[in-house]
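The values are calculated or read from the model by the stated rules, or taken from the named source; none is laboratory data. From a predicted model like this one, the values you see are computed outputs, not experimental measurements. FYI the Cβ positions are ideal-geometry reconstructions off the backbone, even for glycines, and counts take in every protein chain you see. In case anyone asks, the SASA skips ligands and DNA or RNA and just uses the protein heavy atoms, side chains included. Shrake-Rupley method; radii C 1.70, N 1.55, O 1.52, S 1.80 Å.
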Amino acid sequence: MSIIEKAARRIDQKKEAQAASTATLQAADTDVVIDADSVAAPPSAASPQATVIAATPVALPVAAPAVAATVAATVAPAVAPVRPASLPELSVEPVVLAEAAPVKPRKASTRKVELDLNRMRDMGMVTAAGGRTLLVEDFRIIKRPLIKRAFAEPDVGQPPNNLIMITSSVPGEGKTYCAINLAMSIAMELDHTVLLIDADVARPSVLRTLGLPAQRGLMDILLDDKLELSDVMLRTNVDTLSLLPAGTSTPRATELLASQTMKAFVYEIANRYPDRIVIFDSPPLLLTSEAHVLASHMGQIVLVVESETTTQHAVKESLRQLEGCSNVNLIYNKTREFPGIEETYDYHYG
């Protein structure tokens, strides 16, 4: 091959190389069509379901460096999370821990005492197990009008009728004995409960007669406003009978019994339970001033008169001190109606 032919061939190879390069550049300028259905859109931040994108063809240059990112940005723009309108803006504030409140001591429940019912029967007192005796029948007669009146509507301005005071003119006439027997007899009723209160604060004798030791009671409630009835009241083995002792002796007994605190107390215990009758064993009328003050709080009063012992003058003086008190009744005590029987007690209500 001559030199001229070789030179011509080289020129032809250069032209072919330039033509191939031109074809490549033209192919690079060609648009590539990408179907949007083939591009996965990111899920919406506001809904758990995937967002459906319209199948509109989008033309992108092949030379684009981030095709997937561009398609995603073009087809499904990012959805900003939406805050519900009903929720207020939350603010973070420092939490202050409150100081723990002191734990109050747990109140003790009402205490229970055991009455020796056999001993009471031997002493000639009313007991449910004592059978149908003359004493039981007498107190059935005595209690009936008292119970009937206890739940009658009181007169305007008068104390509740279920507050009953048992008193006497002088000591020794049997008022405590009658108070206990009356309470035991009413406790035998099917529809009533009884609270027996020893209000003879100068010479308390209810617990002693029942064979029980002295304990806190009425005076302590009046002296200490933190004490409640349940703190000092005694439940008994007679389910419908409870006791309230006289409590601590104090020289201010008359003033305490005449106080507004005492008035509020008796009204509260009278109205706490609709079936309750409250019996107060009071001091004698002619020896102390407490009985007259206590009588002003009572709805009914029972005056015990000892047969053949209490003078007519003492009875009249006692009744004079009770003027203004409604529903005053008498029990004629210790009558000897059966000759030859040394200790037979007959109780007459009048």
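Quick notes on this structure:
- Other-chain or far-sequence residues with amide H under 5 Å of residue 277's (modelled H): 193, 194, 195
- When each of the peptides 311-320, 119-128, 272-281 is scored by how many other beta carbons lie within 10 Å of its residues on average, the order from highest to lowest is 272-281, 119-128, 311-320.
- With both labels modelled 7 Å from their Cα along Cα-to-Cβ, the residue 226 to residue 264 distance reads 1.7 nm.
- The H on the amide N of residue 329, modeled in the peptide plane, is under 5 Å from the matching H of 301, 302, 303, each at least 5 residues off or on a different chain.
- Value of relative contact order over region 155-263, rounded to a whole percent, pairs C-alpha under 8 Å and six or more apart: 25 percent
- Rolling a 1.4 angstrom probe over region 188-319 with all protein chains present gives an accessible area of which 51% lies on carbon and sulfur atoms.
- Solution diffusion estimate, µm²/s, Stokes-Einstein, region 130-188, Kirkwood Rh from C-alpha pairs, 10 °C, viscosity 1.306 mPa s: 123 µm²/s
- Annotation: per residue accessible area for region 162-222 equals 29 Å², rounded to a whole number [probe 1.4 Å, protein chains only].
- Theoretical gain in end-to-end length, residue 317 to residue 118 [0.36 nm per residue, Cα-Cα removed]: 67.8 nm
- Net charge in the neighbourhood of residue 237 (other residues with Cβ under 11 Å of its Cβ; Lys, Arg +1, Asp, Glu -1) is -1.
- Hydrodynamic radius by Kirkwood, which averages 1/r over all alpha carbon pairs of region 186-286, in angstrom: 14.0 Å
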